[in-house]
Structures are given as C-alpha cells and as structure tokens.
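Trainee: I'd like to ask you about the structure that follows.
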Amino acid sequence: MTQHILGGCLCGAVRYRLTERPYNSGLCHCETCRRTGSAPALPWAGIACAAFAITQGAPVAYRSSARVVRSFCGTCGSPLTYFHADKPDKIDVMTCSLDDAEAFPPTEHVWVSEKLAWDVLGDGLPAYATGERET
C-alpha cells in the first residue's frame with residue numbers, strides 16, 4: 001500500500017497512521033464498548049500493530065479489564081484504540097476516528113449477547129453472540 005490511512009481524535013491533539021488496510025471491521029455491542037463510546041455500539045477496524053503508529057501527541061491508556069487496554073485522547077476524550085493481551089500483534093482502531101470514517105464499513109456485529117434490547121439489527125451483517133465467530 002502506498003497511501004497511508006490517517007486518523008485521530010476530535011480536537012486533533014492525537015493523530016495516527018495506518019500503513020495497511022484493516023483485516024476486518026465490525027460493530028461491538030458489549031457493555032464496555034457501549035460505555036466507552038456512550039453509544040449503542042462501537043465501530044472498530046482491526047490492524048496489525050506493526051502497521052499502526054501514533055504520529056502526534058500521546059493518547060491516554062486505560063485498562064478496562066485485566067487483559068484489555070484502551071486508548072483515548074486526554075483532551076477531548078475521543079476513544080482511539082483497543083488492545084487485547086491475548087492478541088499481542090493486533091490492535092483495533094475506532095473506525096469513526098479515521099479521517100475517512102466511511103472507508104471501512106462494518107462487516108459483522110460482535111457481542112450481540114450484550115446489546116441493548118432496543119438496538120435492532122437490520123443490516124443483514126453476520127452477528128455473533130460473543131467476540132468470536134461461532135464455527
């Protein structure tokens with residue numbers, strides 16, 4: 001890929017660059033993501049850690065569970081990344097923090113077992129009870 005994918009927070013204090021396209025994308029409906037984004041679901045795109053770099057500022061890290069670290073802008077509060085210790089070579093970026101938030105639309109719903117009752121899925125995308133695809 002010759003063109004970088006850029007993103008950052010609302011206020012511009014934190015900026016990042018992706019050097020490859022995400023390998024997947026989705027909407028997470030778990031309670032922690034909902035609370036992180038103050039929204040019914042949090043859109044994300046998965047990328048290799050080696051293809052992700054902070055280019056400006058320093059996000060704040062927050063350990064939302066024993067194995068998960070999320071980052072956000074300490075100035076405006078924009079959620080930026082999700083990192084799970086069980087997948088040390090991968091990181092999720094929040095899709096709406098991309099400069100082109102339309103570039104990688106969701107391809108699945110995860111953690112629908114925790115979605116809000118009034119959040120009715122009608123887009124026809126695959127929906128998984130947990131964060132893992134059922135086989």
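Trainee: Can you tell which of PRO43, PRO22 is part of a strand (DSSP E or B) and surrounded by 15 or more Cβ atoms within 10 Å (Cβ to Cβ)? Full working, then the answer.
Mentor: Values: PRO22 fails: part of a strand (DSSP E or B).
Just one listed residue meets the conditions, PRO43.
Trainee: Moving to a separate point now. Given the structure, is ASP89 modelled with pLDDT of 95 or more, in contact with a helix residue (DSSP H, G or I) (Cβ under 6 Å, 6 or more places away or on another chain), loosely packed, with under 12 Cβ neighbours inside 10 Å and farther than 14 Å from HIS29 by Cβ? Can you show your working first?
Mentor: On the way: modelled with pLDDT of 95 or more: yes; in contact with a helix residue (DSSP H, G or I) (Cβ under 6 Å, 6 or more places away or on another chain): yes; loosely packed, with under 12 Cβ neighbours inside 10 Å: yes; farther than 14 Å from HIS29 by Cβ: yes.
Yes; evaluated as a whole, the condition is true for this residue.
Trainee: For segment 88-109, state whether one or more residues are among the hydrophobic types (A, V, I, L, M, F, W, C) and over 15 Å from the mean Cα position of the chain (by Cα).
Mentor: So far as segment 88-109 goes, no, none of its residues is among the hydrophobic types (A, V, I, L, M, F, W, C) and over 15 Å from the mean Cα position of the chain (by Cα).
Trainee: Taking segment 55-78, which residues are under 11 Å from ALA13 (Cα atoms) and outside any loop (DSSP other than H, G, I, E, B)? Step through it out loud before you land on a result.
Mentor: Filtering segment 55-78 for residues under 11 Å from ALA13 (Cα atoms) gives 55-59, 72-78.
Result: THR55, GLN56, PHE72.
Trainee: What are the pairs, 6+ residues apart or on separate chains, where a residue within segment 4-17 that is more than 12 Å from ALA51 (Cα to Cα) has its Cβ under 6 Å from a residue that is among the basic types (Lys, Arg) and surrounded by fewer than 24 Cβ atoms within 10 Å (Cβ to Cβ)?
Mentor: Once the first residue is more than 12 Å from ALA51 (Cα to Cα) and sits in segment 4-17, its partners that are among the basic types (Lys, Arg) and surrounded by fewer than 24 Cβ atoms within 10 Å (Cβ to Cβ) give GLY8/ARG15.
Trainee: Evaluate the following for ALA117: is it part of a loop (DSSP other than H, G, I, E, B) and exposed (fewer than 13 other Cβ atoms within 10 Å of the Cβ)? Even if it seems obvious, please write down each step before you answer.
Mentor: Details: part of a loop (DSSP other than H, G, I, E, B): yes; exposed (fewer than 13 other Cβ atoms within 10 Å of the Cβ): yes.
Judged against the criteria, ALA117 is a match.
The values are calculated or read from the model by the stated rules, or taken from the named source; none is laboratory data. Here the structure is a predicted model, which means the values were calculated and not measured. Cβ sites come from the backbone with ideal geometry, for glycine too, and all protein chains shown count toward neighbours.
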